[in-house]
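Engineer: Below is a structure I'd like to ask you about.
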Amino acid sequence: MGVSNLMSNKAKRACDRLLGKDYILIVSEKPKAGAAISKALSSEVTECRESGVPYWIIELRGKRYVVASTAGHLFSLFTRKRGFPVFEYEWVPRWEAERGASHLKKFYRVLSKLAKGASQYINACDYDIEGSVIGYMIINMLGNGSKSYRMKYSSLAPEELRSAFSSLSDMDWEMIEAGICRHELDWIWGINVSRLLSWVTRLAGEKRILSSGRVQGPTLTEAVDRYIDYMTFISTPKFSLKVELRAGEDKISATHEESPFDNREVAKRKKENILKGKKGIITSAERSLSSIRPPPAFNLSELQYEASRIFGFSPSYTQRLAEELYLDALISYPRTNSEKLPSTIPHEKILSELSYMESYRSIAISILKTGKLSPVQGTKEDPAHPAIYPTGKRPSGLKRDSYKLYDLIARRYMAAFMDEAKIERVEFHIRAGGENLIAQARSILKPGWTLSYPFSIGREKRINVKEGSELEVSSARISSVLPGKPKMHTKVSLLKWMETENIGTEATRAQIIDTLFKRGYLIYGKDGVKPTKLGMAVTMFLKEKLPDITKTELTRQFEERLFRIRKGEEKREDVVGEARRFITEELERAVNMEAELRDFMKMYLRPEVKCEFCEMPALEGGLCLIHHRALIGLADAIEKWEAAFNEDRDKVLAKIAKSTSVGKAIRDVAKGVIEKRIIL
Ligand SMILES: [Zn+2]
């Protein structure tokens with residue numbers, strides 16, 4: 001202890017001396033990035049440390065630079081005013097506004113000291129809206145914003161950092177304005193709607209802090225809407241007739257040409273014909289070739305989607321792992337929307353680095369051999385970054401999941417340079433017992449890019465039977481299907497929804513979804529994401545009483561205006577002013593309906609009359625809104641079910657009450673009708 005203290009004091013004196021009089025401060029977003037930047041720019045780096053926070057001193061062409069780092073946002077918006085609406089706010093160090101941010105104090109101390117002594121500043125935070133705001137706030141609040149430059153890079157690869165440093169640009173004012181505007185909008189929305197919700201809850205006799213947000217609200221509404229659709233799903237049944245046939249080694253799964261049938265009796269007759277006939281004959285086999293282009297390199301949401309599909313990773317987990325890989329300089333910047341790999345990326349160098357890694361050797365070499373390094377390009381773009389690519393640096397000591405993700409990224413990158421995959425599709429027409437059947441088979445003739453990225457296309461065996469071949473009928477099966485069943489949301493499908501609706505950003509979407517879980521609004525059920533009682537109360541309240549606040553359309557309009565600020569086509573004050581007017585109007589309207597809002601919230605949080613089937617408040621005929629909707633759905637569908645099965649109402653009701661294809665609320669009300677608790 002004593003020794004290391006002495007050492008660190010000695011080192012500290014050396015660092016204080018080295019700082020000297022004139023230096024330029026380079027601000028990075030994370031300590032790992034700071035270390036990578038200083039190492040890339042100079043071979044002689046003096047590492048200093050204060051309260052555990054590292055910074056680095058380097059000399060370049062006779063000038064002294066100090067590379068320092070933060071740990072994400074150092075400032076956030078805050079108000080000392082109580083009540084709502086509130087529009088007076090200021091930027092304060094984050095720990096003054098947020099719990100759990102006190103670890104930033106030491107970064108703040110070191111950055112304040114370093115910023116005071118600097119003559120010029122370089123913002124070298126990640127190149128996106130957030131990075132632009134993080135660096136700008138530090139330089140502006142602790143130093144002098146008018147003497148600053150921006151360093152733009154997409155990966156922490158040394159060559160890229162060196163070239164970014166040699167082509168510094170002016171500060172990216174439009175990005176900064178758009179970023180600050182996003183913070184202001186989110187703050188105005190978040191605090192005012194949250195305070196309104198908490199106020200109403202207090203009126204309703206409960207002390208709870210509730211919250212909502214500009215992007216959070218519409219996302220929660222979407223999850224709830226999908227859940228209600230899922231719970232109340234019913235449609236008219238159809239009947240599919242599947243037949244298994246065999247010829248030697250080949251097995252063929254066929255369906256009846258007319259399948260699905262509207263009526264079960266018809267399907268039954270056809271099934272009997274086929275079983276009686278015992279044999280089938282191939283009347284025609286049409287083979288067709290198709291080519292499948294390689295998929296483009298990943299953007300963040302596609303990476304999150306694939307990592308969820310293949311490994312079961314949640315979107316926020318994937319994002320965290322990807323950010324670590326980026327900080328280890330193994331991949332380029334992951335918070336990107338782009339699916340493009342421009343030629344400015346040193347593809348040849350990256351591929352030859354990859355060829356030194358055992359698992360990629362043969363693929364990388366085969367790509368290099370072709371001599372044409374023109375990867376396939378996707379359609380999505382990002383103004384700041386290309387698609388995600390490996391830098392070529394060899395991964396070592398990665399944890400298992402990190403390695404899996406790295407491997408996925410590297411494979412997808414290489415696939416983009418490879419040939420199309422050639423697929424053979426065959427459509428068999430089969431005659432069996434006087435009935436016509438159809439079967440389809442698919443096999444890979446030339447694997448192409450699937451050699452590198454084998455996760456998209458399954459490998460199926462080639463089927464050799466041809467026209468005239470005889471087959472044996474092994475079995476035939478009728479199953480009822482309900483077309484149009486919605487899927488409940490998962491975290492990753494919610495994220496995709498946000499992307500399609502253009503709300504939120506690459507950087508924030510996964511985190512917003514996690515917040516909805518942390519607040520206790522959403523939980524994971526057996527089939528996917530479902531709302532809790534609280535989530536239901538907040539959603540119904542906002543939907544019924546303040547519908548405009550949670551409209552996706554409005555959130556998207558503001559996203560578009562943020563984008564226009566980024567392009568210099570609109571001013572921050574105008575957009576914030578508009579948000580302010582809107583929130584003021586909505587909140588005034590809400591305050592005027594005090595009693596109505598109180599009663600509504602009370603009804604949801606502590607219902608006096610509960611639904612016949614669940615914990616939600618009874619609205620009509622003793623049913624909550626979900627079970628009420630289910631009863632209407634059941635009434636609409638019941639006659640069609642009777643016709644499809646040729647059965648009477650009692651039998652059909654018993655079927656519905658047991659069917660796992662209809663929504664749970666439909667089963668509930670069907671049971672209720674059978675038990676005479678409700679009438680249809
Ligand atoms: Zn209910």
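Engineer: Give the shape of the stretch 499-604 as rounded, prolate or oblate, defined through the alpha-carbon gyration tensor: a ≥ b ≥ c are the square roots of its eigenvalues, a/c under 1.5 means rounded, and otherwise the shape is prolate if a/b is larger than b/c and oblate if not.
Structural biologist: Verdict is oblate for the stretch 499-604.
Engineer: Now a separate question. For LYS610, give me every one of the lysines with a C-alpha distance below 16 angstrom, ignoring sequence neighbours fewer than eight places off in its own chain.
Structural biologist: Candidates past the 8-residue exclusion: LYS533, LYS602.
Engineer: Quick check on my link table: of LYS81/LYS207; LYS268/LYS651; LYS491/LYS571; LYS21/LYS63, which ones sit more than 23 Å apart, alpha carbon to alpha carbon?
Structural biologist: LYS491/LYS571
Engineer: Can you list the aspartates and glutamates whose alpha carbon sits under 13 Å from that of LYS487, skipping same-chain ones fewer than 8 residues off?
Structural biologist: GLU222, ASP225, ASP229, ASP527
Engineer: Could you tell me which of rounded, prolate or oblate describes the stretch 294-354, using a ≥ b ≥ c as the square roots of the eigenvalues of the alpha-carbon gyration tensor, with rounded for a/c under 1.5 and, failing that, prolate when a/b is larger than b/c and oblate otherwise?
Structural biologist: prolate
Engineer: Also: Between ASN502 and ARG649, what is 0.36 nm times their sequence separation minus the Cα-Cα distance? Round to one decimal in nm.
Structural biologist: Once the chain is fully extended between ASN502 and ARG649, it gains 48.3 nm.
Engineer: If I model a spin label at SER443 and ASP599 as a point 7 Å from the Cα along the Cα→Cβ vector, what separation in nanometres do I get?
Structural biologist: The answer from the label model is 7.2 nm.
Engineer: Also, I was wondering about something else. Which whole number in µm²/s is D for the stretch 564-680 by Stokes-Einstein, with the Kirkwood Rh taken over Cα pairs at 4 °C and 1.567 mPa s?
Structural biologist: Rounded to a whole number, D works out at 72 µm²/s.
Engineer: Taking every alpha carbon pair in the stretch 62-195, what does the distance histogram look like in 5 angstrom bins from 0, in percent?
Structural biologist: The distribution over the stretch 62-195 is 2, 10, 17, 21, 19, 14, 8, 5, 2, 1, 0, 0, given as percents.
Engineer: Now, a different point. So which of LYS551/LYS664; LYS32/LYS349; LYS526/LYS658 end up more than 26 Å apart, counting from Cα to Cα?
Structural biologist: Beyond 26 Å between Cα atoms: LYS551/LYS664.
Engineer: Next up: Quick one: which residues, 5+ away or cross-chain, put their amide H under 5 Å from the amide H of MET171? H built at 1.01 Å from N.
Structural biologist: Under 5 Å from the amide H of MET171: ARG150.
Engineer: Tell me, what ³J(HN,Hα) does each residue in the stretch 613-623 have, in order and in whole Hz, if you take phi through Karplus 6.51 cos²θ - 1.76 cosθ + 1.60 with θ = phi - 60° and put x for Gly and Pro?
Structural biologist: Couplings: 10, 8, 7, 7, x, 7, 10, 10, x, x, 10 Hz.
Engineer: Right, something else. Using 13 Å as the cut-off for backbone N distance, which residues of the stretch 641-657 belong to the label zone defined by a point 7 Å from the Cα of ILE674 along Cα→Cβ?
Structural biologist: Hits in the stretch 641-657 for ILE674 at 13 Å: 649-657.
Engineer: Can you give me the distance in nm between label points at SER163 and LEU482, each placed 7 Å from the Cα along the Cα-to-Cβ direction?
Structural biologist: 5.7 nm
Engineer: What is the diffusion coefficient of the stretch 209-277 in µm²/s, taking the Kirkwood radius over Cα pairs and the Stokes-Einstein relation at 10 °C with a viscosity of 1.306 mPa s?
Structural biologist: The diffusion coefficient I find is 97 µm²/s.
Engineer: For a quick check: sort ARG629, ARG13, ARG320 by the number of other beta carbons within 10 angstrom, fewest at the front.
Structural biologist: ARG13, ARG320, ARG629
Engineer: Given R₀ = 22 Å, what would the calculated FRET efficiency be for ALA11 paired with LYS63, taking r from the Cβ atoms and rounding to 0.05?
Structural biologist: Result of the calculation: an efficiency of 0.45.
Engineer: Another one. Once you put a point 7 Å from the Cα of GLU249 and another 7 Å from the Cα of ARG556, both along the Cβ direction, what distance in nm separates them?
Structural biologist: Going by the 7 Å Cα→Cβ label model, 5.2 nm.
Engineer: Return, ordered by residue number, the residues of the stretch 416-453 whose backbone nitrogen is under 16 Å from a label point located 7 Å along Cα→Cβ of ILE281.
Structural biologist: What the label zone holds, given the 16 Å backbone N cut-off, is 429-437.
Engineer: In the structure shown, do any of LYS238/LYS485; LYS422/LYS496; LYS238/LYS461; LYS340/LYS461; LYS278/LYS655 have a Cα-Cα gap over 23 Å, and if so which?
Structural biologist: Pairs exceeding 23 Å: LYS422/LYS496; LYS238/LYS461; LYS340/LYS461; LYS278/LYS655.
Engineer: When each pair of different Cα atoms in the stretch 352-475 is counted once in the 1/r mean, what is the Kirkwood radius in angstroms, to one decimal?
Structural biologist: Result for the stretch 352-475 stands at 18.0 Å.
Engineer: Separate question: Inverting the mean 1/r over all pairs of different Cα atoms, compute the Kirkwood radius of the chain and quote it in Å.
Structural biologist: 29.6 Å
Engineer: First measure r as the distance between the Cβ atoms of LYS207 and TRP91, then evaluate 1/(1 + (r/R0)^6) with R0 = 35 Å and state the FRET efficiency to the nearest 0.05.
Structural biologist: Here the calculated transfer efficiency is 0.70.
Engineer: What FRET efficiency, computed as 1/(1 + (r/R0)^6) with R0 = 45 Å and r the Cβ-Cβ distance, is obtained for GLU44 and ILE292, rounded to the nearest 0.05?
Structural biologist: 0.30
Engineer: Tell me, in nm to one decimal, what length is gained between GLU569 and TRP173 on full extension, where the rule is 0.36 nm per residue of separation less the Cα-Cα distance?
Structural biologist: Length gained, GLU569 through TRP173: 141.3 nm.
Engineer: Quick check: from the Cα gyration tensor, does the stretch 300-415 come out rounded (a/c under 1.5), prolate or oblate?
Structural biologist: oblate
Engineer: Now for a different question. Order by neighbour count: VAL215, VAL86, fewest other Cβ atoms within 10 Å first, most last.
Structural biologist: VAL86, VAL215
Engineer: Also: Could you compute how fast the stretch 625-674 diffuses translationally, taking Rh as the Kirkwood radius over C-alpha pairs and applying Stokes-Einstein at 10 °C with viscosity 1.306 mPa s? Give it in µm² per second.
Structural biologist: Answer from the Stokes-Einstein relation: 150 µm²/s.
Engineer: Under a Cβ-Cβ cut-off of 13 Å, what is the net charge of the residues other than SER119 that fall near it, where Lys and Arg count +1 and Asp and Glu count -1?
Structural biologist: With Lys, Arg at +1 and Asp, Glu at -1, the neighbours total +4.
Engineer: In 10 Å bins starting at zero, report the fraction of Cα pairs in the stretch 464-527 per bin as a rounded %.
Structural biologist: Spelled out per bin, shortest first, that is 15, 29, 17, 13, 15, 11, 1.
The numbers here are math on the coordinates, done by the rules we state, and not lab data. A quick note: this is a predicted structure, and the numbers were derived from the prediction, not measured. Reconstructed Cβ throughout: ideal geometry from the backbone, glycine too, with neighbour counts over all protein chains shown.
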